[in-house]
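To keep things clear, I will list the structure first and then write my remarks on it.
Bear in mind these aren't lab numbers, they're just calculated from the coordinates by the rules spelled out. Worth saying up front: this structure is predicted, and the values here are computed from it rather than measured. Glycine gets a Cβ as well: all are built from the backbone with ideal geometry, and neighbour counts include every protein chain shown.
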Amino acid sequence: MIKQALLSIVCLSTFSLAAQAGPAANKPEHSHHKDEIGMGVGALIGGLIAGPPGAIIGAAGGAWYGERQNKKADKIADMKDNLTKKETHVAYLQNQLDTLRNQFGQEMRKVKLQDRTAALQDLSRGVSLTVYFRTASADIDRQTRPRIARLAAFLDEFPAVQLHLEAHADRRGSDEYNKALSRRRAEAVERALVKAGIDQARIHTQAYGEAGAKSPKGDIEGMMFDRRVNIILNLDTQA
């Protein structure tokens, strides 16, 4: 009985494989292979359980099992394809986001630079200091030095600001003498600023002599305002 059952199983399996040979030509290779395995396994199990009738039922169940496996494999393949497409789309969106961030960052830096430049320009217009001198002297008064030190400490936080020193003299004396005198006054203020912590590269001097004097020679009181060095703040290296 067992031999007959096994013989029936083999025959049914062979028959099932031959019957599937024609239609399977149009199916993918993996699908055809799984159908054959499913039918063969089903026939074997069915034959062992119930003999030839069981083998027939088992072969049908095996075909169903193989078809189910094919559908599952196709579904997994579709899912993988969709995942790949989504990953590609996410990568594209990430690249777009990075590009926008870079552009936004550049624009923000421009705005900050513009705002800082405007603020420094306002600062340069609002802060100034004039140092006055005695007749024929280039020495800075003791009371003036603390003011220069405070200005230097304040400007230390704004390294972009340049300091332009415009030195003057009154009308008394020759042009050459007054030009040299105004130069010494500019140098005195420059030394005081450097001593207070200002980088010398930020300081630019110009000696005008009596060219900028406004008081006539007889106006002794008015001449004190001509003996001066104006400290002018600016963002440019040129006055």
Segment Lys214-Val127, extension gain: residue separation times 0.36 nm, minus the distance between their alpha carbons: 29.0 nm
Three principal axis lengths of the range 128-234 [C-alpha, angstrom, descending]: 44, 24, 18
Rounded FRET efficiency, nearest 0.05, which uses the C-beta distance separating Asp236 from Thr135 and R0 of 41 Å: 0.75
Summed residue charge, Cβ within 13 Å of Arg185's Cβ, Lys/Arg positive, Asp/Glu negative: -1
Gained length - Glu157 relative to Met79, 0.36 nm times residue gap less alpha-carbon distance: 22.0 nm
The range 128-234: relative contact order as a whole-number percent, Cα under 8 Å and 6+ apart: 43
